[in-house]
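Note sheet for the following structure.
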Amino acid sequence: VEFAEAVRRRRMVRAYRPDPVDPVALSRILDAGRRGPSAGFSQGLDFVVVTAPETRLALARICGEDGYSSRGFPPWLSTAAVHVLPCVREGAYRERYAAADKAGSGGPGAWHVPYWWVDGGAALLLLLLAAVDEGLAAGFLDVADPDAVRSLLGIPADVAPLGLVTIGHAANDERASSSLGRGRRPLDDVVHRERW
Ligand SMILES: Cc1cc2nc3c(=O)[nH]c(=O)nc-3n(C[C@H](O)[C@H](O)[C@H](O)COP(=O)(O)O)c2cc1C
């Protein structure tokens, strides 16, 4: 798919067919996900990838699949063939900026934004676009209880799961289009040319 087309087609899909995802396609998606930028090239990013149905079901429970069902959504979390949890470790940034070649270049203590979250967001978008590029669908949601997710998946205490990316084959999900009727802000509204 052309880049512009992938950007246009991307949207959060909240209904999946249970068919498995080709592992080679999944590898390409994950590879795209790790190619994003990171402050100082700290690379404090990890992906936990879950395909086992029982673990997906456990994640779906933690992340509130029942709540979605009661709002009329299909069981999209447990049905999506793949769950990817992008995780960031703040310590990787602190370690990187303590290195000799970073002396005097600021770092986490001087930043007005914790850049590990920014880099995690960049990785998230790459995953979402790469899924579209593979002809697949993807969604994203808050993990609700990060400690429960950490304990289920053995994620270390100093690593933060950003959320859960669902990847799979799209089913009919007419309820899922951009926050149910809330339109995207027009370009001229979003862009402030030369100054705000
Ligand atoms: C940081 C972030 C958190 C989100 N959390 C949830 C969530 O918990 N549940 C959900 O269904 N969608 C979630 N979304 C998806 C948004 O609702 C969705 O991106 C937005 O409505 C725009 O729709 P689109 O991505 O399909 O264009 C989240 C998106 C982002 C970027």
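The values are calculated or read from the model by the stated rules, or taken from the named source; none is laboratory data. All figures in this text were calculated on a predicted structure; none of them were measured in a lab. Neighbour counts run over all protein chains shown; Cβ positions are idealised from the backbone, glycine included. Note: areas computed on protein heavy atoms with side chains; ligands, DNA, RNA excluded. Shrake-Rupley method; radii C 1.70, N 1.55, O 1.52, S 1.80 Å.
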Kindly list, by first and then second residue, each pair from a residue in the stretch 45-68 that is in contact (Cβ under 8 Å) with a residue 24 or more places away in the chain to a residue that is more than 15 Å from the ligand (Cβ to nearest atom) and assigned to a strand (DSSP E or B), limited to pairs with Cβ atoms under 8 Å and residues at least 6 apart or on different chains. 49/82; 50/82; 51/82; 56/50; 59/50
Under 8 Å between Cβ atoms, which residue pairs at least 6 apart in sequence (or on different chains) link something in the stretch 1-20 that is closer than 11 Å to residue 130 by Cα with a partner that is of a type in the set (A, V, I, L, M) and near the ligand (Cβ under 10 Å from one of its atoms)? 10/128; 10/138
Checking residue 112 against (1) closer than 11 Å to residue 86 by Cβ; (2) open to solvent by 30 Å² or more (accessible area, probe 1.4 Å), which test does it fail? (1)
Look at residue 193 and say whether it is over 14 Å from residue 16 (Cα atoms) and modelled with pLDDT under 95. no
Exactly one of 56, 71 is within 20 Å of the chain's Cα centre (by Cα) and of a type in the set (Lys, Arg), and that residue is 56
Among the residues of the stretch 76-89, is any over 26 Å from residue 133 (Cβ atoms) and either touching a helix residue (DSSP H, G or I) at 6+ places or on another chain (Cβ under 8 Å) or not in a loop (DSSP other than H, G, I, E, B) (or both)? yes
Does the stretch 172-188 contain at least one residue that is among the aliphatic types (A, V, I, L, M) and touching a strand residue (DSSP E or B) at 6+ places or on another chain (Cβ under 7 Å)? yes
Looking only at the stretch 123-160, which residues are within 16 Å of the ligand (Cβ to nearest atom), in a helix (DSSP H, G or I) and over 19 Å from residue 34 (Cα atoms)? 146, 148, 149
Scan the stretch 72-82 and tell me whether some residue there is within 16 Å of the ligand (Cβ to nearest atom) and on the phi > 0 side of the Ramachandran plot. yes
Among the candidates 133, 119, 173, which residue alone is in contact (Cβ under 8 Å) with a residue 40 or more places away in the chain, within 29 Å of residue 22 (Cα to Cα) and open to solvent by 50 Å² or more (accessible area, probe 1.4 Å)? 133
Can you report the number of residues in the stretch 56-87 which are open to solvent by 10 Å² or more (accessible area, probe 1.4 Å) and of a type in the set (Val, Ile, Thr)? 2
Go over the candidates 34, 10, 28 one by one and state the one that is within 16 Å of the ligand (Cβ to nearest atom) and among the basic types (Lys, Arg). 10
Single unsatisfied condition, residue 168 versus (1) away from the ligand (no atom under 12 Å from the Cβ); (2) open to solvent by 20 Å² or more (accessible area, probe 1.4 Å); (3) of a type in the set (Gly, Ala, Ser): (2)
